[in-house]
């Protein structure tokens, strides 16, 4: 869809009664402040509204487009979402619910309006698609009965973990604790003492949980299923991507899941046993809602493909991938006995010198990844492991991409507070190795302070701060005793403009080492 003028049929931002003499009496120019433009619009100047809209239109449209998959862009016009956001802004301004901030920067406010519009469209389209495809109920028949067996398949165990997570979300904090203890097999009298409730309350919460699980069952759950449930042709159609798919290298029958370890937006990681080798492994499954997403499946397989060519003890090794009869894809990785940097920080409370030494090790590992032509794209304490012997290992390459811009790239993503501005909006330029330099600085910042460079109440607010004109708080403002050289280096690496950051990980390493050897 081509762009229409601000005065087109889709938009009309003028006040209820125009005062055409306003523009003649008080000239409005493209250099006028946002305060001036909004005040002029409130007095009837349509031209002021036009200038205001055009000032942010391209950046907001780029932002909206970056938040929509190609499939969704065929159903949702990013520009429509932007103009809808503008309409909401002007209505709110007319009702005096919003105004231009003192610093004259409207971007965070407009960003919030736009992200909310896009999010609602995504939710609407997603709900519509779910209703057509019946993904939630009956699409994985028989799983609930199978998990009652002694040795459920990895697919059923992953499904049960998803169901338990959804189940616990239905309860408040106390009842979640109560139910978790009950699921672990603790006796009711011990739970009553630990939680501070009556046995009757335990029975009530348990019954409510049972009713919720029963309500999610479909009649098909009781029907036996013949295998294979997913044929090779079904698989090819589901993937619907140019990514080359080989035959699975690991049989799902060889994997037994033992314990849930952690989760992200797209996947969950479990500790398991590979029966073929009798070794402990890490198993990464997509969340159930992504099992039928060609893009999500392709991204998971791409992670396996990218890691296949890297053999370095500082990079988690991928042993291969498998597929269950219902089409759930999983990766099998080496098991690293240890903890994430996030857990390590909580347990040890390291000083800044220990943090720097750890980030240097992570940067050295990342430099090796870059030599293989691969970027990580999602550096944070949860994605860096520290083994029991102190070895630093990079993990979770789900958002990784090849450095060569000529190669096809998968949709960008990451963790809100750690994203570089160019990962949020094309308006900030292309993603490059400097994006990982930003990620290393964010990793240092978070490991030192316990929180990401940017924080907020929700994802739109955090992303708004990432791509606003305001830098994150200085490291020295969060911790005492930070030397000026380190403070300046971290601030430069977290610059909104990638050209102001060190040009490579090695350059960042050189500067960091100089600071530590003074």
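Assorted remarks:
- Selected residue (criterion: nearest to the chain's Cα centre (by Cα)) from residues of region 31-60 that are closer than 17 Å to residue 105 by Cβ and not in a helix (DSSP H, G or I): 33
- Within region 75-92, residues that are assigned by TED's automatic domain parsing to the domain that holds residue 112 and surrounded by fewer than 16 Cβ atoms within 10 Å (Cβ to Cβ) sit with their Cβ atoms under 8 Å from residues that are part of a helix (DSSP H, G or I) and at pLDDT below 75, at 6+ positions apart or across chains, in these pairs: 75/125.
- Candidates 97, 65 - the one that is at pLDDT below 80, outside any helix (DSSP H, G or I) and more than 21 Å from residue 32 (Cα to Cα): 97
- Among (1) in a helix (DSSP H, G or I); (2) surrounded by fewer than 17 Cβ atoms within 10 Å (Cβ to Cβ); (3) without any contact (Cβ under 8 Å) to a residue 40 or more places away in the chain, the one test that residue 311 misses: (1)
- Matching residues in region 250-267 - criterion: being over 27 Å from residue 382 (Cβ atoms) and in a loop (DSSP other than H, G, I, E, B): 251
- Close pairs (8 angstrom Cβ cut-off, 6 or more residues apart or separate chains): without any contact (Cβ under 8 Å) to a residue 40 or more places away in the chain and assigned by TED's automatic domain parsing to the domain that holds residue 495 in region 424-448, part of a helix (DSSP H, G or I) and surrounded by fewer than 24 Cβ atoms within 10 Å (Cβ to Cβ) anywhere: 430/422
- Single residue of region 474-498 satisfying the filter (loosely packed, with under 15 Cβ neighbours inside 10 Å and touching a residue at least 24 places away in the same chain (Cβ under 8 Å)) that is farthest from residue 424 (Cα to Cα): 481
- Filter pass, residue 437 being at pLDDT 85 or above, surrounded by 23 or more Cβ atoms within 10 Å (Cβ to Cβ) and over 26 Å from residue 101 (Cα atoms): yes
- When 264, 272, 294 are checked against the criterion of being in contact (Cβ under 8 Å) with a residue 40 or more places away in the chain and over 24 Å from residue 385 (Cβ atoms), 294 stands alone in meeting it.
- Here is the figure for region 316-347: residues that are in a strand (DSSP E or B), out of contact with any helix residue (DSSP H, G or I) (no Cβ under 6 Å at 6 or more places or on another chain) and under 24 Å from residue 451 (Cα atoms) total 2.
- Any hit, region 348-357, residues being assigned to a loop (DSSP other than H, G, I, E, B), in the same structural domain as residue 433 (by TED's automatic domain parsing) and either free of Cβ contacts under 8 Å to residues at least 24 places away in the same chain or in contact with a strand residue (DSSP E or B) (Cβ under 9 Å, 6 or more places away or on another chain) (or both): yes
- Residue within region 418-427 that is closer than 22 Å to residue 342 by Cα and surrounded by fewer than 22 Cβ atoms within 10 Å (Cβ to Cβ) present: no
- Qualifying residue in region 311-323 (condition: modelled with pLDDT under 90 and over 19 Å from residue 281 (Cβ atoms)): no
- Residue check, residue 501 over 22 Å from the mean Cα position of the chain (by Cα), surrounded by 23 or more Cβ atoms within 10 Å (Cβ to Cβ) and under 26 Å from residue 59 (Cβ atoms): yes
The values are calculated or read from the model by the stated rules, or taken from the named source; none is laboratory data. Because the structure is predicted, anything quoted here is derived from the model rather than measured. With ideal geometry, Cβ positions are generated from the backbone for all residues, glycine too; neighbour counts draw on all protein chains shown.
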